[in-house]
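Encoded as structure tokens, the structure appears first; notes follow it.
Computed from the coordinates by the stated procedures, all read-outs in this text should not be read as laboratory data. Keep in mind it's a predicted model, so treat the numbers as computed, not measured. All Cβ positions, even for glycine, are placed from backbone atoms using ideal geometry, and neighbour counts span all protein chains on display.
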């Protein structure tokens, strides 16, 4: 409860009872400490030598991962400033799909360096202005050192995908998985006005535990986790003509209440016969268009199933809306909302539609499409946990390949661009006047946390490595970085460790904006917790049991 004394000395209650307030240096210190703790949590998982985290939720479900966004998403974080660090990871993941750990680590380090300046009585506004100038300059430096590439060069894209997967559980199979990822993205990429456009959602990722990671494959079409609705239907159709229906193949109930008075058995029979006739007409209409495969988003009546089976049509019901859209892109079919409107022009084509057993389930594979603008990656793996982590790795790889196809600029990895940026930011700091110069220098120091963390996680001495890296970059070796496998400093470009420019840019943008936002907070006013209020109102005898 916040109390403000008046001139007469009578206290005035401003905030609700139970509210707490911290302000000034204390509020800043609390926020910075909370954000740094979150940053330290994911720091040890950075890079190919990074460690995994095991996260157990309140229900006992286990997630094992080293993906920064997943770690922070799965943790139930309470502190408001720490939640902003989670937002950094989420934003980076949504925008570029990779670099989430780096963004979180950099944001934490920027705040740590800012805390040093606050101790020297540098005003937060000056630090924020300095950080913003440094961030803008860092983005310009990155653009200057980046190399332009051909957006559909498979060799370059494969190296990008393999670099992304080098720090994941799938690194042993990264070569074949990289081929799958690159082919998938290039399959769905569309060229418009000389630029390529890619939507990662056009690549459907299905996963099933069993077999091994090496049996993961790309299907030029769509896999539906559904089975054929009727046992009498064909389980394999070659040269499939596919109808996509967003309407039920069953007699719909009226929207208003209706009563039918039936007095004789003949009337019952006539009623049932009429229902069957309507269903048969629906099926006849579908068959007359030449369709031999029907994918329906709604239900299919038992009688309609019987007639479809008799006509030799393979049918699947209750397909997801997202799957219907992907099927439309893959096969060229148009989704029809009324059976009467269906024509042969609305049908799509697939070389093969087949029901296959995957693990214990039966799935329908629609493949060999002519020019699919939507494809499927079917991930296999020894256990559920491996399959889940492989899915996260493939998501990151798909995202970075997409980033390069859209923005065809790349830099080397292994911390080399960060060291180059830090080196040039120090020179830039000398041209900045006033105390802002200190903030720019601190930004340069903070960005070196990426190569330092890579070295530390590989069991190397970060101070020695940073000294050697600075020396190499001063001599003009701009791609000198941390080779974590051989534990030495080397030219990362020659090792084919390359990353998209857009990922590096997003890391700096997200981290610096989050750090600036946290630094500008000088007052934290927290309302009382609802549970405590309820307890006070109800009294100890009547209090309700709490559930976590």
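Values as computed for the structure displayed
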read-out: Simple label model, 7 Å out from Cα along Cβ direction - residue 383 to residue 289, nm; value: 4.7
read-out: Rh by Kirkwood over Cα pairs, then Stokes-Einstein D for region 153-222 at 1.002 mPa s and 20 °C, µm²/s; value: 161
read-out: Gyration tensor (Cα) of region 100-257, equivalent ellipsoid semi-axes in angstrom; value: 48, 25, 19
read-out: Convex hull (Cα only) mean projected area of region 225-371, reported in nm² to one decimal; value: 10.2
read-out: Cα-only radius of gyration and Dmax that characterise region 279-350, units Å; value: 11.5, 30
read-out: Gain upon complete extension [residue 176, residue 155; 0.36 nm per residue less C-alpha separation]; value: 6.3 nm
read-out: Computed over region 225-371: relative contact order in percent, which uses C-alpha pairs under 8 Å that are six or more apart; value: 38
read-out: Tail fraction, Cα-Cα pairs, region 381-455, threshold 18 Å, whole percent; value: 62
read-out: Column: log10 I(q)/I(0), Debye, Cα scatterers of the chain, q = 0.10, 0.12, 0.13 Å⁻¹; value: -0.93, -1.11, -1.20
read-out: Kirkwood estimate for region 330-457, i.e. one over the average of 1/r between Cα atoms, Å; value: 20.6
read-out: Near-label residues of region 402-418 by backbone N, under 18 Å of a point 7 Å along Cα→Cβ of residue 148; value: 404-412
read-out: Segment residue 464-residue 136, length gained on full extension (0.36 nm per residue, minus Cα span); value: 115.2 nm
read-out: Ordering of 443-454, 237-248, 200-211, 184-195 by packing [mean C-beta count within 10 Å, highest first]; value: 443-454, 237-248, 200-211, 184-195
read-out: Evaluated at q = 0.11, 0.18, 0.20 Å⁻¹: base-10 log I(q)/I(0), Debye formula over Cα of region 30-117; value: -0.28, -0.75, -0.90
read-out: R0 of 30 Å, Cβ-Cβ distance residue 280-residue 362: FRET efficiency to nearest 0.05; value: 0.65
read-out: Least to most buried among 486, 79, 197 (fewest other Cβ within 10 Å first); value: 486, 197, 79
read-out: Difference of contour (0.36 nm per residue) and Cα-Cα distance, residue 83 to residue 26; value: 18.7 nm
read-out: Region 125-174: radius of gyration over Cα atoms, expressed as a fraction of 2.2 N^0.38 Å; value: 1.76
read-out: Estimated FRET transfer efficiency when R0 is 25 angstrom, pair residue 430-residue 94 (beta carbons, to 0.05); value: 0.10
read-out: Region 283-322 versus region 481-514: alpha-carbon centroid distance in Å; value: 52
read-out: Compactness relative to 2.2 N^0.38 Å, alpha carbon Rg of region 372-422; value: 1.58
read-out: CD proxy at 222 nm, helix term only [per DSSP H run n ≥ 4: -39500 (n - 2.57); per residue of the chain; nearest 500]; value: -15500 deg cm²/dmol
read-out: Percentage relative contact order, the chain, counting C-alpha pairs under 8 Å, at least six apart; value: 25
read-out: Hydrodynamic radius (Kirkwood) for region 244-311, which is based on Cα pairs only, to one decimal in Å; value: 13.4
read-out: Label-point separation, residue 260 to residue 191 (7 Å along Cα→Cβ), nm; value: 5.9
read-out: Computed label-point distance, nm, for sites residue 310 and residue 487 using a 7 Å Cα→Cβ extension; value: 7.6
read-out: Cα-based helix-to-principal-axis angle, 416-429 vs the chain, degrees rounded to 10; value: 40
